[in-house]
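Enquirer: What follows is a single structure, and I will ask about it in a moment.
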Amino acid sequence: MIVDARRLPDGLRLDADVVIIGAGPAGITVAMELMGAGLTVVLAESGGRRGDGGDGFGGEAVDPRHPPPGLYRARALGGTSTLWGGRCLPLDPIDFEARPWVPHSGWPLGWDHMLPWYRVANSYCEAGRFAYDVAGSLGGNAAPMVPGLGGEIAQDGIERFSPPTDFGRRYRRALARSTEVVVLLSATCTGVLAPPSRRAVDGFVFRTRPGHGIQVRARLGVLAAGGLETPRLLLAAGLGNGLVGRFYMCHLEGKAATATFPPATPVVFGYERDGEGIYLRRYFRAPAEVQRRLGLTNSILRFEPPVIADPGHGDPVLSAMWLSRTFLKAEYARKMASFGYRGQEEPERARLLAGHLGNVAAGLVPLGRFGFDWVRRHVLAARKLPYVAVAGRGGIHTVDYNAEQAPNPDSRVSLGDRLDPLGLPCLKVDWRAGAQDVEGALAIHRLLADSLAQSGAGRLEVDMDAIRNGYNATGGHHIGTTRMADGPERGVVDADCRVFGLDNLYVAGSAVFPTSGHANPTLTLVALAARLAAHLRHRARQVPAAEFSFAAPPPVP
Ligand SMILES: Cc1cc2nc3c(=O)[nH]c(=O)nc-3n(C[C@H](O)[C@H](O)[C@H](O)COP(=O)(O)OP(=O)(O)OC[C@H]3O[C@@H](n4cnc5c(N)ncnc54)[C@H](O)[C@@H]3O)c2cc1C
């Protein structure tokens, strides 16, 4: 059942076995996986059926390399999956290990344990079968990304692309039909009810509109409000230990290199499709033994279109994208303005405009062909071509990096002084990247440069200073703020994602990752959400139910 909470009577009190705060990929996965368990579940979402952006979440970022916290998250049924790009890849086995050279690393569970849950997550994300290398996805005879490349770099990494699945749309019908799950829309959790002992939670307080609210009592609670809102709720309620909000990680990203290959080298740079029609993209990686030997964090490199803002690329498609950026969602427009190309001064802007208009005027025919193809393969297609893949001119390819950020207790989110319209303190995001993170990004470039040079397969030119000074925090990857650990001295939740010191409150989402790896977080957080639901099914049998009787919301006119 899906109910607009604004239409419920003010002051209504409901009871449920499990209350989940937030209906993004994490919350929806928990709810879907609890169906059939004989439990009554309330899935409470701050937004409505359509996204209204994350602006209402407010907050400020200290470092301008971190996007304003209102960007890169959405308030809607489906959460930020109403915005995401759909890139799926799991963490690597080494990411779960305690690595002596990465302080605070190590998960209380390992890759083997995660594998079955990753398969479940692949299915929720509609990313095809669980195969994340070239041989497993494209067969043993697939041509290499760069022919003749040897050395220490590996070129067998595969990203798989979700259609991209908007979890709200994709699972709305199942949620609406369910007799066990009640989805409350426009229900923003603003408080947690806790007994005097504060060793458990009794339920949650929701504001539905100014001066109007409801409460839901819960046997088990799950915070699935995203990697920034989950710690915000805990901090505002004074729950969890002193590590809540600390160890905040994104990834470091940027473009600082170009690769050149001998003429006619058949480099694989674009999107490919596997036998099921899933879009795939290859990447370069540092194998685990190389990371171990050199003491590196886990980073990758990919071929990407050239810096879009720079008209020097001469490509009419990229120039048309730059010119139309004001019509794009802010998160995607922002990417075009940044990445090492800083042409923001007025005279510079005029020069850019002239350059891009020139590119478009000179390339109207290819632009028209591209537009037709884009409408067919992206706009109208159910499984969308993920992005524009433009070959470099004259055998030159732009390379982008995505680098692990190591856990750092001083990189943190905390409550600011300002209150949002519902009375909750806004977040202050003090994201900090460290020397080890930057070194990881530099090192993966060195590995590719050396491998290309030694094997004679090509040449990599890297602007190391652009990496040192020009990296950005990847938007939308909010990791580590309620990290998982084997004890409360090292983290906020245990291996079951239960908040230390609280008997019945859990966290679902990338906030629980102790380390970030290089992978985009959604596949892993969906895997953990499915695993959490299995735990809750078991746990619900142990938590006393006697005093709770589920009261379904009354029918609304
Ligand atoms: C532009 C963009 C591109 C991205 N591309 C990728 C990609 O290619 N691959 C990838 O893996 N990831 C990507 N991401 C990240 C991905 O979207 C997130 O990892 C994912 O959505 C997180 O899921 P979640 O359920 O934990 O949180 P969210 O999706 O953020 O959902 C949290 C939900 O909780 C609700 N909520 C928050 N506070 C409250 C409250 N107090 N009360 C009630 N409800 C509340 C919110 O409204 C929201 O609906 C991208 C993100 C962006 C912005």
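Enquirer: Spot the failing condition for residue 70; the list is (1) within 13 Å of the ligand (Cβ to nearest atom); (2) open to solvent by 30 Å² or more (accessible area, probe 1.4 Å); (3) not in a helix (DSSP H, G or I), and only one is missed.
Expert: (2)
Enquirer: With a cut-off of at least 1 residues that are modelled with pLDDT of 90 or more and polar (S, T, N, Q), name the strands (runs of 3 or more DSSP E) lying wholly within region 344-458.
Expert: 396-403, 412-419
Enquirer: Still on this structure, I have one more. How about region 1-26: which of its residues are basic (Lys, Arg) and touching a Lys or Arg at 6+ places or on another chain (Cβ under 8 Å)?
Expert: Within region 1-26, 6, 13 meet the criteria.
Enquirer: On to the next question. Need the failing condition index for residue 191 against (1) open to solvent by 10 Å² or more (accessible area, probe 1.4 Å); (2) part of a loop (DSSP other than H, G, I, E, B), just the number.
Expert: Residue 191 satisfies all of (1) open to solvent by 10 Å² or more (accessible area, probe 1.4 Å); (2) part of a loop (DSSP other than H, G, I, E, B) except (2).
Enquirer: Test residue 5 against the stated conditions and say whether it is within 12 Å of the ligand (Cβ to nearest atom), out of contact with any helix residue (DSSP H, G or I) (no Cβ under 8 Å at 6 or more places or on another chain), open to solvent by less than 10 Å² (accessible area, probe 1.4 Å) and over 30 Å from residue 129 (Cβ atoms). I'd like the intermediate steps shown before the answer.
Expert: Working: within 12 Å of the ligand (Cβ to nearest atom): yes; out of contact with any helix residue (DSSP H, G or I) (no Cβ under 8 Å at 6 or more places or on another chain): yes; open to solvent by less than 10 Å² (accessible area, probe 1.4 Å): yes; over 30 Å from residue 129 (Cβ atoms): yes.
When the stated conditions are applied, residue 5 passes them.
Enquirer: Also, I was wondering about something else. Looking at region 322-343 only, could you name the residues that are surrounded by 20 or more Cβ atoms within 10 Å (Cβ to Cβ) and modelled with pLDDT of 85 or more?
Expert: Residue satisfying the conditions is 322 alone.
Enquirer: Out of region 379-395, which residues are open to solvent by less than 40 Å² (accessible area, probe 1.4 Å) and free of Cβ contacts under 8 Å to residues at least 60 places away in the same chain?
Expert: Residue satisfying the conditions is 381 alone.
Enquirer: Out of 446, 376, 432, 349, report the one residue that is without any contact (Cβ under 8 Å) to a residue 60 or more places away in the chain and within 27 Å of residue 290 (Cβ to Cβ).
Expert: 446
Enquirer: Can you tell me which residue within region 478-495, out of those that are among the hydrophobic types (A, V, I, L, M, F, W, C) and part of a loop (DSSP other than H, G, I, E, B), is most open to solvent (accessible area, probe 1.4 Å)?
Expert: Step by step, filter region 478-495, then rank; the result is 495.
Enquirer: Anything in region 436-477 that is under 29 Å from residue 84 (Cα atoms), of a type outside the set (Asp, Glu) and open to solvent by 50 Å² or more (accessible area, probe 1.4 Å)? List them, or say none.
Expert: 436, 468, 469
Enquirer: Looking at 83, 149 in this structure, which one is farther than 30 Å from residue 460 by Cβ and either away from the ligand (no atom under 16 Å from the Cβ) or modelled with pLDDT under 95 (or both)?
Expert: Within the list 83, 149, the selection yields 83.
Enquirer: Quick check on this structure: which one of 158, 214 is in contact with an Asp or Glu (Cβ under 7 Å, 6 or more places away or on another chain) and part of a strand (DSSP E or B)?
Expert: Of the residues listed, the single one that is in contact with an Asp or Glu (Cβ under 7 Å, 6 or more places away or on another chain) and part of a strand (DSSP E or B) is 158.
The values are calculated or read from the model by the stated rules, or taken from the named source; none is laboratory data. All values reported here derive from a predicted model rather than from experimental measurement. Positions of Cβ are generated from backbone atoms using ideal geometry, with glycine treated the same way; all protein chains shown enter the neighbour counts. Just the protein is used for accessible areas: all its heavy atoms, side chains included, with ligands, DNA and RNA removed. Shrake-Rupley method; radii C 1.70, N 1.55, O 1.52, S 1.80 Å.
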